[in-house]
1. Any residue at all in segment B:197-207 that's of a type in the set (A, V, I, L, M), in contact (Cβ under 8 Å) with a residue 40 or more places away in the chain, within 28 Å of B:I306 (Cα to Cα) and out of contact with any Phe, Trp or Tyr (no Cβ under 7 Å at 6 or more places or on another chain)?
2. Any residue that is within 14 Å of chain B (Cβ to nearest Cβ), surrounded by 22 or more Cβ atoms within 10 Å (Cβ to Cβ) and touching a helix residue (DSSP H, G or I) at 6+ places or on another chain (Cβ under 9 Å) - is there at least one of those in segment A:304-315?
3. Looking only at residues that are in a loop (DSSP other than H, G, I, E, B) and of a type in the set (G, A, S) in segment A:15-43, which one is farthest from the chain's Cα centre (by Cα)?
4. Picking from A:A257, A:A244, which residue would you name as being within 11 Å of chain B (Cβ to nearest Cβ), closer than 27 Å to A:G60 by Cβ and either out of contact with any Pro (no Cβ under 8 Å at 6 or more places or on another chain) or at pLDDT 95 or above (or both)?
5. So, in segment B:283-305, how many residues would count as being surrounded by fewer than 21 Cβ atoms within 10 Å (Cβ to Cβ) and part of a loop (DSSP other than H, G, I, E, B)?
6. Report, by residue number, each residue of segment A:170-194 that is over 18 Å from the mean Cα position of the chain (by Cα) and surrounded by fewer than 21 Cβ atoms within 10 Å (Cβ to Cβ).
7. Of all residues in segment A:88-105, which are of a type in the set (S, T, Y) and farther than 16 Å from A:D119 by Cα?
8. I'd like the full set of residues that are out of contact with any strand residue (DSSP E or B) (no Cβ under 8 Å at 6 or more places or on another chain), more than 13 Å from chain B (Cβ to nearest Cβ) and not in a loop (DSSP other than H, G, I, E, B), limited to segment A:205-226.
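The values are calculated or read from the model by the stated rules, or taken from the named source; none is laboratory data. It should be emphasised that the depicted structure is a prediction, and the values quoted were computed from it without experimental measurement. Here Cβ is always computed from backbone atoms with ideal geometry, including for glycine, and neighbour counts include all displayed protein chains.
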Amino acid sequence: MILEVTNLKKYFPVAKTFIERLFSREEKFVKAVDGISFTIDKGEIFSLVGESGSGKTTTGKLVLRLIDPTDGKIVFDGTDITYLKGEELRKLRRYMQIIYQDPYASLNPRMKVGEAIMDPLIIHDLASRDEAKSMVYEMLEKVGLTPPEYFYNVYPRNLSGGQRQRVVIARAMITKPKFVVADEPVSMIDVSLRASILDLMLKFREELNLSYLFITHDLAVAKYISDKIAIMYLGKIVEMGPTAEIFRNPLHPYTKALLSAIPVPSPRKKKERIKLVGEIPSAIDIPSGCRFHTRCPNKMKRCEAEEPELIKVSKEHFVACHIYSV
Amino acid sequence: MKNVLEVKNLSVYYYAKRAVIKAVENVSFSIGEGEIVGLVGESGCGKSTLASALMRLVPHPGKIVSGEIILNGKNILELSDEEIRRIRGSVVSMVFQDPMTCLDPLMRIGDQIVETILAHTDMSSEEAKKYAMELLEIVGIKRDRYYDYPHQLSGGMRQRVMIAMAVALKPKLIIADEPTTALDVIVQDQIMDLFKELRDKFKTSILVISHDIALILEISDKVGVMYAGHLVEFSSSEELIENPLHPYTRELLKAIPNIEIEDQKLVSIPGSPPDLSNPPPGCLFHPRCPCRMDICCKDAPPKLTINGRLVECWLYGDKP
């Protein structure tokens, strides 16, 4: 096991106006992540899927300790890193990297591509400059930016979106991490090139036996790349299990709705549609009981009052829904 | 079936400082009454430029250099500025990608709809207000949200307001440029259903532009595929899926994940789209094409009609 997350929470305080502060002591919070638990094995690709505002990006930042959790526990590679600070945390960073969504924003426009990839090696003091340079050449070849002599010296503005994302991946992989958070890595990449970026990520998984936390809103992409999937809704995991199982036998009404909303490239096929009304509610005023009950087509009386636990329905398949609790 | 829109040999170029960029090159297609037509392509293929040309809104330094755009029987390229202004909204209207930047943040949404109605009709403001409330209901928003400001609405609801404005004057054609790209799948599904409902109700034709082929294939009757400014294929969605003619279409279909296929292997197209300020000779797709022949590298491919389908490729034409 590379990562174990238990009951992780992140509440962001909501800023109040002066008047509100005078008349009310009640603090309000955005409950971005509200008590989630999961584990990621070595070499496993774990996808977090959900709509915008479901808390998937916050989860990614929390497990890398880029932001501090409100509550819960994060164990990385056997070490409790929940409250790790300073030098100790910095040392760990070479083993945990991140790939962001926007390859235009995540590269310094004034830094040559080669230097950008080399930077982590220098920061973590993993190689001398000369050694580092040859490592960067090797890495450029691996991510398909050849000839490396040319790509070492170009600036990000000379590259296309797909090539930039390759640079970002190269920079994340140069320190030989054990765990990488990939936050929507292909949503800004043209469709004709997406598969090549995903395949590149799979290649590094083989080579380094590394694990990914793959964050995406696109279930089709998640299906292609991941071993396990967790569906998030308003800061909670509502269903979790092996990818094939989730697609073959989705249990939670939200998962079913998500699956039926994905466009399928065939106009004739009439899909069985599950229609949801409205949109994801605000994370400040989370509905009582099951937080999905306001939109759920299978709502029962108890859903309004009682919050369902994430229960095991079969080996490795978990769901948080009263339909499946006895 | 009557054609609402006929585009004939349309070319739109951008006159940049150093180069002329041929964003839309010799494109022809038509849209019938009540039809939903999809236009797909990667970023930079010219699909948004084409959309703006159809409203005669090509931004500077772009120019429509040749061709005809026949909308509802009139060539809009020959109209005066005043005439075209009257057509926008009433005969053809547009829904953009980002509803937040299209709505005035300081104006109640109802008043924004009323403004559109008053600008084009001789309704009194009382009538217009009543009509705006009806429109809100048609697009699935409660009447009392009339007095809300855009920030009080979610992304999906804002897009519904945009659609309410677009249908307000019962146009013949709605152009939707990436209407759901900023929205989540479930909301996307709802918005697409709304488009279909409106089509059935008002017999409006809809041109949907998107980079998402799966979405386009699911909702459209006909589909056009654009690559580097060219419309490389145009046919009914069924035929396009079952028997794609152009190699680009074929490769694109292999590159998109389909959740209904078990153990799918995705294949990406090698290389990247050409730099339009310095395009390759011959067919613009030839550097990435798996079916490349010698002629593709030299001469531009012919525009062919095969069983009513348009395709621009040497595979099907007589070679000189």
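1. Initially, segment B:197-207 is screened for residues of a type in the set (A, V, I, L, M), giving B:198, B:206-207.
Now narrow it down to the ones that are in contact (Cβ under 8 Å) with a residue 40 or more places away in the chain: B:198, B:206-207.
In the following step, the residues that additionally are within 28 Å of B:I306 (Cα to Cα) were identified as B:206-207.
Now restrict to residues that are out of contact with any Phe, Trp or Tyr (no Cβ under 7 Å at 6 or more places or on another chain): B:207.
Within segment B:197-207, one or more residues are of a type in the set (A, V, I, L, M), in contact (Cβ under 8 Å) with a residue 40 or more places away in the chain, within 28 Å of B:I306 (Cα to Cα) and out of contact with any Phe, Trp or Tyr (no Cβ under 7 Å at 6 or more places or on another chain).
2. Initially, segment A:304-315 is screened for residues within 14 Å of chain B (Cβ to nearest Cβ), giving none.
Checked against the condition, which is being within 14 Å of chain B (Cβ to nearest Cβ), surrounded by 22 or more Cβ atoms within 10 Å (Cβ to Cβ) and touching a helix residue (DSSP H, G or I) at 6+ places or on another chain (Cβ under 9 Å), segment A:304-315 yields no hits at all.
3. Filtering segment A:15-43 down to residues in a loop (DSSP other than H, G, I, E, B) leaves A:15-17, A:24-28, A:41-43.
If we keep only those that are of a type in the set (G, A, S) as well, we get A:15, A:24, A:43.
Numbers: A:A15: 27, A:S24: 36, A:G43: 16 Å.
Among those residues, the one meeting the criterion is A:S24.
4. Numbers: A:A257 fails: either out of contact with any Pro (no Cβ under 8 Å at 6 or more places or on another chain) or at pLDDT 95 or above (or both).
Just a single option satisfies the conditions, and that option is A:A244.
5. 8
6. A:T175, A:K176
7. Those that are of a type in the set (S, T, Y) and farther than 16 Å from A:D119 by Cα: A:Y100, A:Y104.
8. Residues satisfying the conditions are A:E206, A:E207, A:L208.
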